[in-house]
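Enquirer: The structure under discussion is supplied below as structure tokens; questions concerning it will follow.
The values are calculated or read from the model by the stated rules, or taken from the named source; none is laboratory data. The shown structure was predicted, so the numbers you read here are calculated from the model rather than taken from an experiment. Quick reminder, even Gly has a Cβ in these numbers, built from the backbone with ideal geometry, and neighbours come from all protein chains shown. Ligands, DNA and RNA are stripped out before the accessible areas are found, and what is left, the full protein with its side chains, is counted by its heavy atoms. Shrake-Rupley method; radii C 1.70, N 1.55, O 1.52, S 1.80 Å.
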Amino acid sequence: IVDINLDSYEFLRHGAFDLAFNLCDDGFRNDSLLEAHVPAMLDILEIPYTGANFFSLATCVHKARTKKILAFHKIPTPRFQVFFNGSEKLNRTLKFPLFVKPLHEDASIGIRKDSVVNNHHELGERASAVIKEYEQPALVETFIQGREVYVGLLGYKKNLTVLPISELIFEQRLIKNRICTYQAKWNPQSSQYQGTPVECPAKITKSLEKKLIKIAQEAYTLLDCQDYGRIDFRIDQNNRPFVLEVNPNPDISADAGLARMAKAAGMNYDQLIARIIDLAVERNHLARFDRKARAEKICAHQC
């Protein structure tokens, strides 16, 4: 385990590493804008690593830029506008209700019950609050009132494995606006958490599943995700999917969404981690090794 700090470059430069498993998904100093700099440092040192590269992470952390790229390539995503001070005039193409969140955060940071706004007064208040509290612009987008599903993928470019689709279930009596707030994601004691169970595999039609997979593969490849990633969708009342976010290097802890999808595909946690390593080994054209033989060699050495 190598802690990432100001001394890491020299430590890594003088080491002898075959492959780095990049777990720095919170960014350097917990700054999401600095997450991309870790693989950039590894690129400079010519140390292969798992997961997304600098360009993918740097692009996807800017949600508006990601949406512009998706829209240019005709991949459906909600209409949006970036607010820099909270008093901007709303674009005519945007209609209430709208959804307001920080431009650069992930893990539902900055998403609350009042993130859905229904008029200009609420919009100004919420956008101003986001800008002040998180010291970054606010992303304002059309709120898609419908289902929320996640598509997990493993692989690189055309060699992709799609994991079983996962859906966040909104229990109406507990979740008024049908959104995944920070409390819903991280606080097990909250009513929001208890009111948003996850179902995997999701109960969706074959035609919708096919459509989601096609769009997810296009977005994953377009944003140059590597080894593993997750595409978040909202599905409107007409069964039309919209990409909310592209997540390179999503959370891969044992109780997180990607591990849950892998389990539904018959893959235990160790197998998921081993698969990510194998993908990075293949992508970087590293020499294959016999995991069992290597483990026996290490054991014999330690004994």
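Enquirer: Provide the FRET efficiency to the nearest 0.05 for the ASP43-TRP186 pair, computing r from the beta carbons and using R0 = 41 Å.
Expert: Once the sixth-power term is evaluated, E becomes 0.80.
Enquirer: With a 1.4 Å probe and every protein chain kept in, tell me what percent of the accessible surface of the chain is carbon plus sulfur.
Expert: Ligands and nucleic acids excluded, carbon and sulfur give 52 percent.
Enquirer: A further question on this structure: At a Förster distance of 25 Å, what's the computed FRET efficiency of LYS214 paired with ASN238, Cβ-Cβ distance as r, to 0.05?
Expert: After rounding, the FRET efficiency stands at 0.90.
Enquirer: Additional query: Provide the per residue accessible area, probe 1.4 Å, for the chain, rounded to a whole number of square angstrom.
Expert: Roughly 55 Å² per residue, with all protein chains present.
Enquirer: Could you work out how far apart the two model spin labels at ASN177 and LEU160 are, taking each label as a point 7 Å from the Cα in the direction of the beta carbon, and quote it in nm?
Expert: The two pseudo-label positions are separated by 3.0 nm.
Enquirer: Something else now. Using a 7 Å offset from the Cα along the Cα-to-Cβ direction at both GLU133 and VAL198, what is the distance between the two label points in nm, to one decimal?
Expert: Computed distance between label sites GLU133 and VAL198 equals 2.3 nm.
Enquirer: Right, next: Using a basic spin-label model with each label point 7 Å from the Cα along Cα→Cβ, how many nm lie between ASN118 and PHE72?
Expert: Between ASN118 and PHE72, the simple spin-label model gives 3.8 nm.
Enquirer: Would you mind calculating the gained length between ALA274 and THR205 on full extension (0.36 nm times residue separation, minus the Cα-Cα distance), in nm to one decimal?
Expert: Result: 21.7 nm gained on full extension.
Enquirer: For every helix of n ≥ 4 consecutive DSSP H residues, a contribution of -39,500 (n - 2.57) applies; sum these over the chain, divide by its total residues, and give [θ] at 222 nm rounded to the nearest 500 deg cm²/dmol.
Expert: Calculated mean residue ellipticity at 222 nm is -10500 deg cm²/dmol.
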